[in-house]
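A.B. asks: Can you keep this structure in mind? I'll have questions shortly.
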Amino acid sequence: MRTRALVWLLFAPLCAGICAGNGQEAAAGQSARSAIFLFGPAGAEAARQAAHTAVAVWRHWLSQPGSTAELRRSGSVDALPLDPKSPVKSIEPAFLNAAREARDTDPDTFLNSIDRAVQALAGRPGLRILVTVVETPPLSADAEAQLKQTIDFCKANSIRVVVLDPAAVPSKYASRSLQALGETTGGALIRDPKALDATVLIASAGSKTAESAYAAPAAAEPVTANLPDLPTDLPVHTRFMRISPRGSQSFGVQMAVGAGRGGITEVDGGPNIEDTTGPMRGLFLVESPVNALHFDIDDNAGTYTARARVTQIARNASGKIVWRASKPVTLHGLLRKLAARRAGNIYYMREVVLPAGRYTLEATVEDLIAGKTGGVREPLRTGMGVPGFTVSDALMVRPFDGAGDKFEADQVLQYDGDAISPLLDPVFHADQPFTLQIYLVVYPDTYGPQPEMSLEILHHGRVVGRSALPFTDKIRNEAVEGGSMSMVGEQKHEFPYLATLRGVQLSPGDYEARVTVRQGRNALTRPVSFRVLGNERTAVLASAGPNAAAAAPANREDAEEAEYAEVKLPEVDPVHLAADAGAPAAAEQKKVWEEAAATALSYSSRLPNFRCNRETHRLISPVKNAERFSQTDTFIEEMTYESPKEAYRTLEVNGLKSSMRRDALKGVHSRGEFGSMLKSIFRPEAAAQHKWSGRAMTGGVLCDVFDVDVPVERSNFILTFNLRQEVAGFHGRVFVDEDSGLVRRIVLQGGGLPKDFGLQSPTFSLEYGMVRIAGEDHLLPLRSVLQVRQGRQVVRNETQFRDYRKFEASSEIKFQ
């Protein structure tokens with residue numbers, strides 16, 4: 001059986017080049033024309049013939065002044081501009097290579113490329129034509145629906161398509177939408193390759209349609225003013241969760257995306273702006289509380305019944321319905337279980353594919369017994385998936401409650417086999433600890449480095465908590481690599497992720513959780529908002545740990561272990577220095593440094609006596625694979641600060657109560673966070689070399705950042721190993737609050753240690769924040785990271801300081 005193949009060539013005129021219509025139209029566009037050549041899947045011979053045909057059409061197209069052209073292939077976002085002065089012998093190989101490389105592209109990926117070209121054309125004035133060469137393949141039902149949406153988009157924006165199907169006998173399984181693509185958009189369907197050039201000329205002249213070929217692109221803004229208001233008798237929430245576009249990941253094909261391209265920007269360099277590179281696939285979700293429905297009660301049978309209808313609608317920019325789904329929902333059960341049912345929600349979820357553009361989502365829930373209806377409209381501007389590396393939208397979730405929730409969907413939302421329910425309007429309460437669970441899907445570049453993830457909690461734009469999230473999945477299946485033709489495994493391209501923060505307590509207000517996923521130099525951030533209700537109180541955040549993203553453990557022992565493993569505060573994320581923001585004058589830099597030194601040297605004397613809990617997680621990784629950390633143990637200490645001394649008492653080791661002395665705890669330890677480290681930098685004897693290097697945000701405040709350097713001979717950065725002590729020189733950065741002159745963050749890297757010493761390459765970071773003790777605010781450590789190389793291992797201590805409270809020495813006399 002011969003596999004039917006296809007080749008598409010897209011010609012995309014920017015402005016009218018062949019004048020048809022009135023004189024006003026002719027004046028609009030003789031100056032510029034543009035063509036896009038896009039190759040898709042094809043058999044070898046069909047691809048070769050199509051390439052030669054395309055070269056001939058390209059030569060004729062560029063023969064007119066002002067014409068431009070570019071070459072593309074399906075599955076790629078790259079474009080090769082074609083110079084009209086280039087000789088044919090240098091252009092023809094490029095066409096042949098593009099045709100050959102795109103030969104095996106699957107139809108879904110090709111339809112995504114078609115849609116990318118359509119969206120690019122829609123934003124350009126003038127004549128717009130797509131010319132395709134295709135041995136029409138069969139398409140799935142979803143692909144047919146996507147293509148019909150693309151056809152409607154072409155018609156709405158006067159984009160014409162010429163289809164060349166060179167098959168002598170078209171397959172009876174061929175897509176009818178593809179065959180009708182030409183005629184329905186004002187183009188043509190032809191069989192003879194020799195007629196391609198003439199057909200393009202006719203379609204450009206506009207003789208196939210009564211609509212103007214020079215129509216401006218359709219308005220992009222959603223039109224909702226003329227739509228009737230929706231009733232609000234029932235509370236309804238809706239959300240569109242963007243996920244990866246179909247076909248954006250090709251098996252066994254490396255697709256590298258550079259920083260700032262393809263929708264990926266460096267998070268340190270500014271906001272994340274994702275450019276359009278394909279159609280948007282996503283989950284259209286609707287949520288409504290069950291207790292808003294009316295229930296019919298049958299006391300004799302001891303049962304309850306409620307009936308509703310959920311409807312989803314997507315409207316385009318002109319208000320026209322482009323997608324619709326509806327589902328009746330019946331809730332029926334025993335009357336004794338009605339209270340549990342009323343505590344749940346009705347969920348309706350469908351997967352939708354929309355071409356890029358601006359839409360309005362509309363969701364309604366009808367109570368079929370009480371005759372009440374509630375509805376909501378939300379604007380949606382679709383973005384695009386990114387080939388190689390992208391991340392879905394983030395969604396707040398909770399465990400699925402089968403006794404209360406009713407989930408109507410093609411499939412229930414799951415993570416590691418456990419059903420989860422979305423929270424489209426997440427609300428928590430300040431008077432009790434709660435658990436934050438954030439669900440998203442990571443689509444990494446399988447040939448890139450291991451992704452790194454972090455989570456920030458913001459309140460009024462200020463960071464009130466930060467934590468790293470472990471990404472432990474192996475993104476590349478090496479079993480499918482190499483030169484062997486046999487497939488022994490399957491390359492996974494999507495990685496569902498569930499980030500969990502337990503024991504969170506926040507003061508009332510509106511918050512935003514931001515999950516950032518980094519791969520190499522590229523980063524994407526996904527925000528999700530939530531609210532906290534209740535009376536005002538101090539916020540206390542529990543941080544996520546190594547197993548924060550794990551599913552619920554299967555047994556009690558695993559649950560206890562995960563409970564302790566899910567508390568971690570790792571190394572603070574890198575901060576971008578805005579060095580070009582304008583350096584202060586030398587005198588001002590000197591003043592800032594001197595004020596910071598003064599406050600640092602007097603830091604200990606200004607601290608009250610207090611106690612806090614110091615929670616440390618020790619992780620190790622092999623030196624050759626330093627990204628793969630695994631946690632070895634956890635211990636909690638109570639630290640008592642009675643100026644200027646620090647005393648430690650062990651409370652727990654690996655989740656078990658312990659009174660073990662600190663010097664009996666194995667591994668690496670740090671101390672000096674409460675003043676000693678500051679003094680080591682600013683003491684006069686260190687004579688630290690310092691230089692202003694830029695400004696940066698840390699802990700939600702803007703800081704002046706200074707590079708510092710202290711050599712070994714003037715350093716007191718002391719490391720001890722097996723009773724042997726050595727001093728390391730260090731360099732690093734100091735972050736000074738512009739307003740208060742207080743040091744908010746320190747990052748130091750040690751060096752100069754003897755090669756035979758057991759600890760090497762020490763790094764230390766410490767972040768301060770304002771903490772209220774006995775009604776007064778004090779700048780105190782919040783988190784620290786100590787990392788050293790010990791033999792063949794990298795050891796990392798990640799420490800969180802929490803539960804600060806006042807300490808007062810006292811005595812008593814007991815009478816018997």
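Readers should treat all values here as calculations from the given coordinates under stated rules, not as data from a laboratory. None of these values were measured; they are calculated from a predicted model. Glycine gets a Cβ as well: all are built from the backbone with ideal geometry, and neighbour counts include every protein chain shown.
A.B. asks: Once the piece of chain linking ARG789 and GLU776 is laid out straight, how much longer is it, given 0.36 nm per residue of separation minus the C-alpha distance between them?
C.D. replies: Result for the pair: 0.7 nm of gain on full extension.
A.B. asks: What dipole magnitude, in Debye to the nearest 20, does segment 676-812 give about its Cα centre under +1 on Lys/Arg Cβ and -1 on Asp/Glu Cβ? Present the calculation step by step, with values, prior to reporting the outcome.
C.D. replies: On the way: 18 positive and 17 negative charges, 103 e Å.
About 500 debye.
A.B. asks: Also, I was wondering about something else. Treating only the Cβ atoms of Lys and Arg (+1) and Asp and Glu (-1) as charged, compute the dipole magnitude of segment 298-339 about its Cα centre; round to the nearest 20 debye.
C.D. replies: For segment 298-339, the charge dipole is close to 340 debye.
A.B. asks: Roughly speaking, what is the stretch gain from VAL727 to THR232, that is 0.36 nm per residue apart minus the C-alpha to C-alpha distance, in nm to one decimal?
C.D. replies: Value of the extension gain: 171.2 nm.
A.B. asks: Can you tell me which of 516-522, 468-474, 190-196 comes out highest on packing, and rank the rest after it, using the mean Cβ neighbours within 10 Å?
C.D. replies: Top to bottom by mean Cβ count within 10 Å: 516-522, 468-474, 190-196.
A.B. asks: Any idea what the alpha-carbon Rg over 2.2 N^0.38 Å comes to for segment 673-734?
C.D. replies: For segment 673-734, the normalised Cα radius of gyration is 1.29.
A.B. asks: How much length is gained on full extension from ALA419 to LYS148, taking 0.36 nm per residue of separation minus their Cα-Cα distance?
C.D. replies: 94.2 nm
A.B. asks: Around PHE530, what is the net charge, scoring Lys/Arg as +1 and Asp/Glu as -1 over all other residues with Cβ under 9 Å from its Cβ?
C.D. replies: -2
A.B. asks: How would segment 36-87 be classified by its alpha-carbon gyration tensor: rounded, prolate or oblate, with rounded meaning a/c under 1.5 and the a/b versus b/c comparison settling the rest?
C.D. replies: oblate
A.B. asks: Hey, can you grab everything whose amide H is under 5 Å from the amide H of ALA774? Only 5+ residues off in sequence or another chain; H modelled, so Pro and N-termini drop out.
C.D. replies: Long-range HN contacts for ALA774: LYS806.
A.B. asks: By average Cβ neighbour count within 10 Å, what is the ranking of 706-718, 95-107, 428-440 from highest down?
C.D. replies: Put in order of decreasing packing, that is 95-107, 428-440, 706-718.
A.B. asks: Obtain the nm distance between the two label points defined at GLU713 and ARG606 by a simple spin-label model: each point lies 7 Å from its Cα along the Cα-to-C-beta direction.
C.D. replies: That separation, rounded to one decimal, is 3.4 nm.
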